[in-house]
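The values are calculated or read from the model by the stated rules, or taken from the named source; none is laboratory data. Please read all numbers here as calculations on a predicted model, not as lab measurements. Note that each Cβ is placed from the backbone with ideal geometry, even for glycine, and that neighbours are counted across all protein chains shown.
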Ligand SMILES: [Zn+2]
């Protein structure tokens, strides 16, 4: 019988770091089962995911390196381990578990599991969900900025021309002068095709 590897994570916005991690995890055995964290677990441990759990699970399962992806249990990670019965558990560099503690608890439950800690796989500055989200927010700002230039080049209050900032109130785009603090509504709705 093949060696089963289990890896887990939130996998909110898939990036190269995830792919490297899963590829290295797969190399530890023959079959890779990925446990995707539930929305509630992710919110408790890291941040509220952008995509809901079933979407995240489907995306992970579609990856070539992944044989199966399942949703984790909400409160007992060992219940998931008992169901999957892995030979190896691959941990990411930032997953705050103690390898020995996991091995001990598995043994207590009659499972002989080896826990392997994988290193960090960095690849460019878009690695990491948080960085991607910041980049998107910046880009959004840029999009509106170019649009506003056509109708309003300078701040009507202080004549500043270094570019406006944008913020949202109840889904409506507002404009903000970073120099004098002048603000105004634009009449655009968030997400409008600009
Ligand atoms: Zn101004």
Taking residue 106 as the residue in question, decide whether it is within 13 Å of the ligand (Cβ to nearest atom) and in contact (Cβ under 8 Å) with a residue 24 or more places away in the chain.
no
I need a count of the residues in region 165-188 that are within 12 Å of the ligand (Cβ to nearest atom) and modelled with pLDDT under 85.
1
Test residue 119 against the stated conditions and say whether it is surrounded by fewer than 14 Cβ atoms within 10 Å (Cβ to Cβ), within 16 Å of the ligand (Cβ to nearest atom) and either assigned by TED's automatic domain parsing to the domain that holds residue 11 or in a loop (DSSP other than H, G, I, E, B) (or both).
no
Between a first residue in region 168-191 that is on the phi > 0 side of the Ramachandran plot and assigned by TED's automatic domain parsing to the domain that holds residue 140 and a second residue that is more than 10 Å from the ligand (Cβ to nearest atom) and part of a strand (DSSP E or B), which pairs have beta carbons less than 7 Å apart while being 6 or more apart in sequence or on different chains?
171/189
Any residue at all in region 139-161 that is in contact (Cβ under 8 Å) with a residue 12 or more places away in the chain, under 20 Å from residue 46 (Cα atoms) and under 30 Å from the mean Cα position of the chain (by Cα)?
no
Just to be sure, is residue 124 assigned to a loop (DSSP other than H, G, I, E, B), farther than 30 Å from residue 187 by Cβ and at pLDDT below 90?
yes
Selection over region 68-83 where residues are crowded, with 16+ Cβ neighbours inside 10 Å and assigned to a loop (DSSP other than H, G, I, E, B) yields a count of 2
When restricted to 51, 55, the only residue more than 16 Å from residue 4 (Cα to Cα), surrounded by fewer than 17 Cβ atoms within 10 Å (Cβ to Cβ) and at pLDDT 95 or above is 55
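Just give me the residues in region 158-179 being closer than 17 Å to residue 139 by Cα and part of a loop (DSSP other than H, G, I, E, B), in sequence order.
Selection gives 162, 163, 164.
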